[in-house]
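Here's the structure, in C-alpha cells; my notes come after.
The values are calculated or read from the model by the stated rules, or taken from the named source; none is laboratory data. Computed from a predicted model, the values in this text were never measured in an experiment. Cβ coordinates were reconstructed from backbone atoms using ideal geometry, including for glycine residues, and neighbour counts include every protein chain displayed. Surface areas here come from the heavy atoms of the whole protein model, side chains and all, with no ligands, DNA or RNA. Shrake-Rupley method; radii C 1.70, N 1.55, O 1.52, S 1.80 Å.
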Amino acid sequence: MKSAHNPRVLVWMVAFALAWVVLVAYSVRSHDIRWLQITFLVYSVYGIGMQVLGVLARGRTRSVPVPVRLPFVSVLIPARNEARVIADSVRSACAMRYHDREGQPRFEVIVLDDRSGDGTGDVVRRLAPALPVPVRVVRLAADDAHGKAAVLNVGAHAAQGDVLAVLDADSRADPEFLLRAVACLLEPGVAAVQGRRLCQHRAETLAARGQEHEFSVFQTVMQRARDRFGAHVLLNGNGLAVNRRALEAVGGWNPSALTEDIDLAIRFQVVGWKVRYCEEAVVWEESVPDWPGLVRQRTRWAEGVLRALVEHLGAIVSGRMTAFQKTDMLFFLTGSMVVPAAIFASNVYGAVVLLRGVLEPLYLLPMGRSLPPELTAGAFGAFSAALLLSAASQGGWNPLRALRVVVTYLLFTAHQLVATPWAVARYVRSIVTGQVEWLKTDHGMPAPALDPVTPVVDGAGWGEKDARVHERLAMSSLHRTMP
C-alpha cells in the first residue's frame, strides 16, 4: 500500500511528541501531575457516561420499515491464505436464512481471493457445487492494490447486490444475521449497519479471554449506547451490511486506510448518513490466542485510528453531525492514543520519583502538586463501578463473574502500552517513506463444530416466523433520497 507524503502531518506529529516530552519533564522536575490527572479524569468521565448509557439502553426495541420485498445481498468474504478456515466460514454464510417466498436465496457469496498461495480459492471452488447458495471466487490480479479496502472495492465491482455484507474469513454468521441487519439497513437515511461481534470459542489464555470480554461486554455496551442515544456508531470490519448506493456516493472503501471500517463510518456520518448498530445480528470470529499476535493486530488498529483522526479531523469538526456525535467521535479517535500516552507518562514519572527516593530520603523531596485525592479516587471508583455495572448487565447480574471480567479486561488492555507507540512509529515511517504495511491477523485455531443449522434448500425451513420477518422488510428505503 502507498500513502502520499505529507510533511505537514510529520511536523504536527513531531510537535505533539515534543510537547508531551516537555510536559513529562516538567512533571518530573516540579512534581506537578495535575495535567495527567485531568487527562485521566476527562476520559474516565466519558467512559463512565457511555457505559451507563449502554446499560440503560439494554432491552430497548427498535422499529422496522414498511414491507415491499427483500433486497438482493452480496456477501463479501476477503481471504488471503485462509485455506484452514474458509470452508467453514463459507458454509456458515450459505446457511443464513434470507430467502423469498418460494425458498430461493436472495443473496450470493463472493470469496475475494487476495492472491493466496495456499489454495484458498481452490477450497471454495471444490465446495461450491454442494452449497445451497450461489458462491463465486474472485481472485485479485497481481497488479491490484493491496489491503482489505482495495479487496472490498474489487468485490463491490463484481457484486450484484443492492446491499453488500462483509464477513471475515474466520467468521461464523448467525442464521438470521442478514434478516436482522438488512431490516435495520432499510430504515430511512441509514448507510450501514454493524452487527454484534463475539468470539466463537474461548482459548485458555489471558489474551483470548480479554478479547472475549471486550467484544461480549464492553464493546457491546458502548455500541448500544452510541446507537440508542445518537452518537458515533463504529463499523468493525466483520459482520456489517452497507447500502451500495451510499457506498458509491462516498467513493467506496478507502484503499489507503488501514482500518477501512472506521474510515468508512466517519465518511458516512460527516455527510449526514446514519450508521446503526444491530445487536440482534450476531457474528462470531476467532480470538487471537497469544500476545504477539494481539499486539500485531492492535498495532494496525491503532495506526488506522491515528490515520483516520489526522485525515478526517477537519471534516469531523465541520461535518453534518450533532455535537454529541462529534464529541463521541473525537473521544474515540483520540482516546486510543492519548490514554496510553498518559499511562506511559505516569509510569515514567513514578519510576523517576521512586529512583530519586532511593538516592535520597523521600522526606527531602518537594511535595507534589496534584488534584484533591478525593476527586481522583472518586473518579477511579466511579469508572470501576461503571465497568462492573456493564459486566454484570451482560452476565446475568452475577457480581463475582462481573469482577472477574473487569479484572481480566483491565489486565488485557496492557497490550496498548506496546501497540500504541509501535503504531505511532509505523505511522511516522509511512509519512517519511510513503509506504504503508498491512499487518495481517493469522487465522486457523482449532474451533468447535458449527452449531447445527439446516440450510434452506428448495423452501425447506421457510415457516410462519420467516414469513412474518419477510413482511417487515422493505426495498423502497434503499432508493429514497438520502443526505
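Kindly indicate whether any position in region 256-268 is open to solvent by 10 Å² or more (accessible area, probe 1.4 Å), over 18 Å from L309 (Cβ atoms) and more than 16 Å from the chain's Cα centre (by Cα).
No, there is no match, as no residue in region 256-268 is open to solvent by 10 Å² or more (accessible area, probe 1.4 Å), over 18 Å from L309 (Cβ atoms) and more than 16 Å from the chain's Cα centre (by Cα).
Scan region 251-308 residue by residue and report those that are of a type in the set (K, R) and in a strand (DSSP E or B).
Of everything in region 251-308, those that are of a type in the set (K, R) and in a strand (DSSP E or B) turn out to be K274, R276.
Considering only residues that are surrounded by 13 or more Cβ atoms within 10 Å (Cβ to Cβ) and touching a Pro at 6+ places or on another chain (Cβ under 9 Å), look in region 320-377 and name the one that is modelled with the highest pLDDT.
Looking at the filtered set, the residue picked out is P340.
If a residue has to be in a helix (DSSP H, G or I) and more than 15 Å from L264 (Cβ to Cβ) to count, how many in region 310-331 make the cut?
Of the residues in that region, 13 qualify.
Kindly establish whether T408 is closer than 24 Å to E204 by Cβ and of a type in the set (V, I, T).
When the stated conditions are applied, T408 passes them.
Considering region 92-108 alone, what residues qualify as being over 18 Å from L164 (Cα atoms) and in a helix (DSSP H, G or I)?
none
Identify all residues within region 192-246 that are part of a strand (DSSP E or B) and either farther than 14 Å from C278 by Cα or of a type in the set (S, T, Y) (or both); write none if there are none.
Passing the criteria: C199, N243.
Does A79 fit the bill of being in contact with a strand residue (DSSP E or B) (Cβ under 9 Å, 6 or more places away or on another chain) and either modelled with pLDDT of 95 or more or open to solvent by 20 Å² or more (accessible area, probe 1.4 Å) (or both)?
Yes, satisfied.
Just need a number here: residues in region 159-178 that are within 25 Å of the chain's Cα centre (by Cα), more than 23 Å from Q297 (Cα to Cα) and not aromatic (F, W, Y).
9
Run R245 past the list (1) farther than 23 Å from T299 by Cβ; (2) surrounded by 21 or more Cβ atoms within 10 Å (Cβ to Cβ); (3) in contact with a His (Cβ under 8 Å, 6 or more places away or on another chain) and report the number of the one that doesn't hold.
Condition not satisfied by R245: (2).
Filter region 115-142 down to residues that are within 28 Å of the chain's Cα centre (by Cα) and among the basic types (K, R) and give me whichever is farthest from G103 (Cα to Cα).
R115
Which count do you get for residues in region 82-91 that are open to solvent by 10 Å² or more (accessible area, probe 1.4 Å) and not in a loop (DSSP other than H, G, I, E, B)?
The qualifying residues number 3.
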